[in-house]
Every structure is written in C-alpha cells, then in structure tokens.
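Read-outs throughout are calculated quantities, based only on the coordinates presented, and are distinct from any laboratory measurement. Note that the coordinates shown come from a computational prediction; the quantities given were computed from them, not determined experimentally. Ideal geometry is used to build each Cβ from the backbone, glycine not excepted, and the neighbour counts take in all protein chains shown.
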Amino acid sequence: MPEAALNVVLLRHTPEPEEVVAMAAKLCYSPSSVEELKEKIEAKDQAAFVEKLASIGHLSPIEHISFTFGIEGISRACSHQLVRHRLASYSQQSQRYVKAEQFDYVIPPSIKKDPALVREFEQCMAEAQANYTKVLKRLEELGYKGEAGQQDARYLLPNAAETRIVMTMNARELLHFFRVRCCNRAQWEIREMAERMLDLVKGIAPTIFGKAGPGCLYTACPEGKMTCGKIEDVRKKYGIKK
C-alpha cells in the first residue's frame, strides 16, 4: 500500500472575484442602478476599495464569492476536522460505494522520524487491509454484495486511510478557516492543506487574501495561554515585518 501524497487543486472560483465584492458593497451605499454600478466598477481597479472594506470590518460582501477545491491525499482523521467547518459544501469519496481493495494511507511526520516505528505503522496498515479484505469476502459469501458488504467492512479501515474530497467555501469563511487552521496549534495535516489553499486563492484575489493567515499575524495570539510561543517566527514565515 503506497503512502498518500497531499494534492490541493483550485477547481473553480467566482470570476473576477474582487469586482463582484466591490459591486455588492457599493450597492449598499449607492443610488445607481445595478447596470450603472457594473460599468463603473469594471472600468477601474477595485483593489483599494476592497482593501478598505476589510479594514473597516465590512465583510458580508466577501460572502458573494466562492472557491471550490479538489483535495486528495489527506487522511480520514484530517477530513473529520475539515467538515467541522459548517459554512461549506463537501462531496467526499465514499468508503461504502468505493471498495478499498488497496487503500493508501497517511503517515504522520512524528512516526517518520523513527524507521522502526514506520515499519510497525506500515504493518498495522497491512493488517487492516488484510482484515478488511477477509471480512468483506465473508460478508459477500453471506449475501452482502457490493455496498451492502462494503458499508460494514469499512469499520475496519483506519483513520490513516486516504480520502478525497471536493469542498466549496465562500471567501469570508475561508478567512476564518485560514485564521484557525494555518495556526501552529492546528494539527499538522490540516495546517499543510490550509497553507496550500491560501497560496492558491492569493493568486486569484490578492487584495482579499493578502493579509490572510493565522490569527496572530497582526494582533496578539488568540490562543491565550495555549499559544505556541512562536509568534515572531510565524510572522516571519508570512513576511510580516515588525
């Protein structure tokens, strides 16, 4: 069973996202018609206006733009954390309908530091695969064919098993997602995924996501007594100068 490799792809996003945000925001303050606003906004760069929205905390217009990601090579442990972000849409590969004939898995970095522990981990994965296959075969012999057997045999699959998921979030929820999941205290796997997502959306909407990242970039650490204690290192990583 090969080790899974993280892959994050930005599948789709709202076209001209910062223009859409500007249209939604200016409609709140303008007597102009929608068509008039559209023409005015398309005629010039909206970066300064969008940046002002963020600075004054007027974030509801940002909800009008969304981003859809294809994510693979993450563990079920990671996806269980991901779906706790409720303001999003998810479509996940099913262990009920997709037979785990040879499941890939994720090995935590802490385990990779010890070759003996890696071998033990891989042995556990091989045993899980063998047990899954054995139980599934027996269930099929008992008449539980296809998903009827797979839905029960999957109970033997580990949290390390790889999964794939398509996720759509609006930009306001993404800002929150990056704030908590790019944090050093976030679990390593979802943090790596969040960092890759952030790199992708920055290229599409640099004004909206230019200052996105963990919650300690511009203010005191929101984790309080549970802080990682490395705020200067985090800010340096994101290019924030003192």
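Couple of notes before you dig in:
- Normalised contact order of the chain, rounded percent, pairs of Cα under 8 Å and 6 or more residues apart: 26
- Between Glu39 and Ser110, full extension at 0.36 nm per residue minus the direct alpha carbon distance yields a gain of 20.1 nm.
- Contour excess over end-to-end distance, with Cα ends at Cys228 and Leu142 and 0.36 nm allotted per residue: 25.7 nm
- Most mobile listed residue (Pro31, Pro17, Pro109) in the chain, GNM with C-alpha springs under 10 Å: Pro31
- Lysines with Cα under 17 Å of Lys40, excluding same-chain neighbours fewer than 8 positions away: Lys26
- Neighbour cut-off at most 11 other Cβ (10 Å), DSSP loop, trypsin sites (Lys or Arg not before Pro), the range 132-168: Lys145
- Taking 4.7 Å between C-beta atoms as the pairing limit, the chain has these partnerless cysteines: Cys28, Cys78, Cys124, Cys182, Cys183, Cys228.
- Loop-resident trypsin sites (Lys or Arg not before Pro) (DSSP state other than H, G, I, E or B) in the range 1-73 with no more than 12 further Cβ atoms inside 10 Å of their Cβ: Lys44.
- Among 82-91, 188-197, the order from most to least packed when residues are scored by Cβ within 10 Å on average: 188-197, 82-91
- For Ala126 and Leu11, the FRET efficiency from 1/(1 + (r/R0)^6), where r spans their Cβ atoms and R0 equals 30 Å, is about 0.35.
- Pairs of lysine residues in the range 170-242 that meet both criteria, 8 or more places apart or on different chains and Cα atoms under 20 Å apart, total 11.
- Applying the Kirkwood pairwise sum to the alpha-carbon positions of the range 78-155 produces a hydrodynamic radius of 14.7 angstrom.
- Here is the list for the range 6-75: chymotrypsin sites (Phe, Trp or Tyr not before Pro) lying in DSSP coil, each with at most 14 other C-beta atoms within 10 angstrom of its C-beta, are Tyr29.
- Residues considered: Glu122, Glu162, Glu232. Largest GNM mean-square fluctuation over the chain, using C-alpha springs under 10 Å, is found at Glu232.
- Of the options (1) 7, 25, 27, 21, 12, 7, 2, 0; (2) 7, 33, 40, 18, 2; (3) 7, 28, 33, 22, 9, 1, only one is P(r) over Cα pairs in 10 Å bins from 0, in percent as computed from these coordinates, and that is (1).
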